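Rule-based calculations on the coordinates, nothing more; no lab input. Remember, it's a predicted structure, so these values are computed and weren't measured experimentally. Quick reminder, even Gly has a Cβ in these numbers, built from the backbone with ideal geometry, and neighbours come from all protein chains shown.
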Amino acid sequence: MILTDQPWSPIHTLAVKNITNLDVSPDGKSIAFTVMQAALTCEPSSFQSQVYLADADGSQQVRLTNHRGNDYWPSWGGSNSP
């Protein structure tokens, strides 16, 4: 968390990303997860969820989905790909 001397406002709360629905790959080397964040640039404003993939240590994050809809609950198939 970065602390600043600026006063708190509701927009700061909306900037927080919520990470949920973690699923570790069968070989333990990767994690698929959902990131939910406020989308204030569209009408109407909403929360949107997209699926990401990262190495088990949290590095090498890659966004797998990218659209106005919501994606949840990534799970691993038989070939170690979400």
Q. If you take the square roots of the eigenvalues of the alpha-carbon gyration tensor of the range 22-76 and sort them as a ≥ b ≥ c, do you get rounded (a/c under 1.5), prolate (a/b over b/c) or oblate?
A. prolate
Q) Residues with amide H under 5 Å of Ala39's amide H, sequence separation 5 or more or different chain, H placed in the peptide plane at 1.01 Å from N; which? A) Ser46, Phe47, Gln48
**Q.** Where labels lie 7 Å past Cα in the beta-carbon direction, separation of Phe47 and Asn70 in nm
**A.** 0.7
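What does the helix-only formula give at 222 nm for the chain: each DSSP H stretch with n ≥ 4 adding -39500 (n - 2.57), the total divided by the residues, and the result rounded to the nearest 500 deg cm²/dmol?
When only DSSP H runs of four or more count, the value is -1000 deg cm²/dmol.
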